[in-house]
1. Using the Cα gyration tensor of segment 68-109, with a ≥ b ≥ c the square roots of its eigenvalues, what is the shape: rounded (a/c below 1.5), prolate (a/b larger than b/c) or oblate (neither)?
2. Per the Kirkwood treatment, what hydrodynamic radius in Å, one decimal, follows for segment 22-132 from the mean inverse distance over all distinct Cα pairs?
3. Does anyone have the angle between helix 145-155 and the longest principal axis of the chain? Alpha-carbon axes, 0 to 90°, nearest 10?
4. Which shape class applies to segment 185-275: rounded if a/c is under 1.5, otherwise prolate when a/b exceeds b/c and oblate if not, where a ≥ b ≥ c are the square roots of the Cα gyration tensor eigenvalues?
5. Under the classification rounded if a/c is under 1.5, otherwise prolate if a/b is larger than b/c and oblate if not, where does segment 88-213 fall, given a ≥ b ≥ c as square roots of the Cα gyration tensor eigenvalues?
6. Hey, could you grab the Kirkwood Rh for segment 134-194? Inverse mean 1/r over distinct alpha carbon pairs, Å, one decimal.
7. Looking at the chain as a GNM with Cα springs under 10 Å, which of 161, 232, 52 has the largest mean-square fluctuation?
8. Quick one: length gained pulling residue 223 to residue 89 fully straight, 0.36 nm per residue minus the C-alpha distance?
Amino acid sequence: MSGALTAFLFPGQGAQSVGMAADLYADSPAARAVFDEADDALDERLSEVAFNGPAEALTLSHNAQPAILAASVACLRAAEERMDAAFPQPAFAAGHSLGEYTALVAAGALALADAVRLVRRRGELMQAAAEATPSGMAAVLGMALVDVEAVCAETGAQTANVNSAEQIVIAGSNDALRRASALAAERGARRVVALDVAGAFHSEVMRPAQQALAEELRTVPISAAHFSVVANTTALPMTEPEEVRAELAEQVCAPVLWLASMEFMGAQGIARFIEFGPGKTLTALTRRIAPGAATANVAGLDGARALA
């Protein structure tokens, strides 16, 4: 697959685990430099929480978001360092929710320190919005998107993530989510699974967070991306700073169109997808959405070695 068109993928919140990328920190100067820069940007030892926990602290949005971003960039930089000139050049990158910030760092649109500070603030704002409105999210499995959207329209919930044809996440206030979950089950969903999250991300519950984040984004330097990043909210490529600024504000309340993003990249001839970061969620989704594509996962030292 050395000549295959390649896309890089970056995971979102929920991928975190205590110890993530610690082996890369010990082995790779490039990975170590990423965590050191992230620590300096926040003026605290985020790496200590990422490597040693406790899990309760790492799970908090304001820690999880910058820690996942740092771990994902560390995975990317370690693979680059190991492979040197043989490292694949991507045609596209995409990141799931928070992972969109990582994709923009990979594409050179956001500086690492700026991205770490931004997602720390994003996590704080999202947590505050969640605490202001008791809310949540649920995965609806085995139900068509049109039917999920009908359930949401009748109950006040919203579609938050279209991860695959078989996995759609809904979000809303606790009351709306309860009604939507019950109605989806009644209408034939194979399963409806409540997610362990702080609140209804990618929904109107996050509107206060979106407004405050938009103000933050106006002050952050953003450059033209070196390669296209497929936007969560449109499933279309973006490279220009104002496109990026608008997208990062919009995606706080808008659904993540992951299935459409993957289908877009497949239609452009992408035949290999490499996930950089903790966990293997996006790799698993890729195998369902694009079973003919090659996949690789760099979540630590073994993945970096295997890619090389």
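1. oblate
2. It is 14.3 Å.
3. 50
4. Verdict is oblate for segment 185-275.
5. The shape class here is oblate.
6. Taking every pair of different Cα atoms in segment 134-194, averaging 1/r and inverting gives 10.7 Å.
7. 52
8. Stretched out fully, the residue 223 to residue 89 stretch lengthens by 46.4 nm.
Coordinate-derived values only; no laboratory data. From a predicted model like this one, the values you see are computed outputs, not experimental measurements. Note that we place each Cβ from the backbone using ideal geometry, even for glycine, and neighbour counts take in every protein chain shown.
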